[in-house]
Amino acid sequence: MLLIISSARDDSVHTVLPKLRERGVPLLWWDEAEYPGACTLTTAYLDGRWRQVLTRRGETYDLSRVTAVWDRRPDRPSSPEVRETSQREFAEHAAKLALAGAYDLMVGARWMPARPQHAVAMDNKLLHLHRATELGFTIVETVVTNDPDELVPAWNRAGGRLITKALGYHPFTMDGEDRHLFTAVVPRRRLTGRHRLRYGPAMLQPNMPKAYELRVTVVGERVFAARIDSQVSRLTAVDWRHYDDPNVGYSAYSLPPDIADRCVRLVAGLGLTFGALDFIVTPDGRHVFLELNINGQWAFVEMLTGLPISDAIADWLAEAAARPDVKDRIDAD
């Protein structure tokens, strides 16, 4: 059985779901937000045997039969009935620990992109850059620091064309509004406020010249590359995630075989079965690796380019789910 763990609002799952059904894959789509408030999960060692059962909406599921798991983008565990804030946080923290243990006991199941604990450990931009250099990728000069004295030298080395990136996504608010940090140019005037860097490390890199950019999606050993003509729009010139789809072109791209091979090796070497990689292609034709997104979005690439990424995901999940019962399975009764 295939277990899909994601929000009910996840468009990527909605894209793949019909293809899984066409392939006859038995599955359960479940969101961690249902737990513990709206469902029960029992993991127990009784009478010399392990058992693991999920009950939701009046149905009971034997998790020992799970041979494949697609851990997409679930919402957080939720106990809305617990009104006192600290008690609710305690209950939800306990739920996270119980889920982590339950997932670890799904012995032999194959995961996309990886077990949650492993994915968290591998979700590190510096690690990705280091592994990329080991594989022979070209990367840009990079400094990650909270030392204010490093900012001016980095700005000078970049010839005044310095950009800064967040080390990862984490929600925050400013003036009561939700904010998200995109890649941003560091203008000269910001150097006078460099003392602020002391309170939060940032990634500093030169703003490499771009002919265009690539989003490369790896599914198992299959590679799908899309060209993004980000430089035609002022909105997307520094960070294409500002999106200007009416003006920015997206198209399928023929990735050089050696680059494609390294992409597969980078993802697999991190213990992952999926990854979305970002590259710059410079005016002189060099492919410069920027970062790897462990659970990056891909549906927009398929929609805009026709690349059959959802078919590749459905194929991988169907093959994993069709395997015989996993070795040393946990008993349901």
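Condition check ((1) out of contact with any Pro (no Cβ under 9 Å at 6 or more places or on another chain); (2) at pLDDT below 95; (3) farther than 28 Å from A114 by Cβ) across all residues:
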position	(1), (2), (3)
L214	yes, no, no
G220	yes, no, no
L235	yes, yes, yes
S254	yes, no, yes
D258	yes, no, no
D261	yes, no, no
V264	yes, no, no
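Name the single residue, out of those in region 81-132 being farther than 24 Å from V66 by Cα, free of Cβ contacts under 8 Å to residues at least 60 places away in the same chain and part of a loop (DSSP other than H, G, I, E, B), that is most open to solvent (accessible area, probe 1.4 Å). Result: R83.
Report yes if L3 is under 27 Å from the mean Cα position of the chain (by Cα), open to solvent by less than 30 Å² (accessible area, probe 1.4 Å), within 22 Å of V219 (Cβ to Cβ) and free of Cβ contacts under 8 Å to residues at least 24 places away in the same chain, otherwise no. For L3, the condition - under 27 Å from the mean Cα position of the chain (by Cα), open to solvent by less than 30 Å² (accessible area, probe 1.4 Å), within 22 Å of V219 (Cβ to Cβ) and free of Cβ contacts under 8 Å to residues at least 24 places away in the same chain - is not met. Taking region 292-333 as the range and being farther than 16 Å from F224 by Cα, of a type outside the set (A, V, I, L, M, F, W, C) and at pLDDT below 95 as the test, the residues that pass are R323, P324, D325, K327, D328, R329, D331, D333. Tally up the residues in region 237-252 that are modelled with pLDDT under 80 and in contact with a Leu (Cβ under 6 Å, 6 or more places away or on another chain), please. Residues flagged as modelled with pLDDT under 80 and in contact with a Leu (Cβ under 6 Å, 6 or more places away or on another chain) within region 237-252 amount to 2.
For E221, indicate whether it is under 20 Å from L129 (Cβ atoms) and open to solvent by 20 Å² or more (accessible area, probe 1.4 Å). No; evaluated as a whole, the condition is false for this residue. Looking only at residues in region 8-26 that are open to solvent by 50 Å² or more (accessible area, probe 1.4 Å) and in contact with a strand residue (DSSP E or B) (Cβ under 9 Å, 6 or more places away or on another chain), the one that is farthest from A299 (Cα to Cα) is P26. Taken together, L290, L272, L181 contain a single residue that is in contact with a helix residue (DSSP H, G or I) (Cβ under 8 Å, 6 or more places away or on another chain) and touching a residue at least 12 places away in the same chain (Cβ under 8 Å), which is L272. Residues that are surrounded by 13 or more Cβ atoms within 10 Å (Cβ to Cβ) and charged (D, E, K, R) within region 41-80 comprise R51, R56, D62, R65, D71, R72, R73, D75, listed in sequence order.
The values are calculated or read from the model by the stated rules, or taken from the named source; none is laboratory data. None of the values given here were measured: they were computed from a predicted structure. Cβ coordinates were reconstructed from backbone atoms using ideal geometry, including for glycine residues, and neighbour counts include every protein chain displayed. Only protein heavy atoms, including side chains, enter the accessible area calculation; ligands, DNA and RNA are left aside. Shrake-Rupley method; radii C 1.70, N 1.55, O 1.52, S 1.80 Å.
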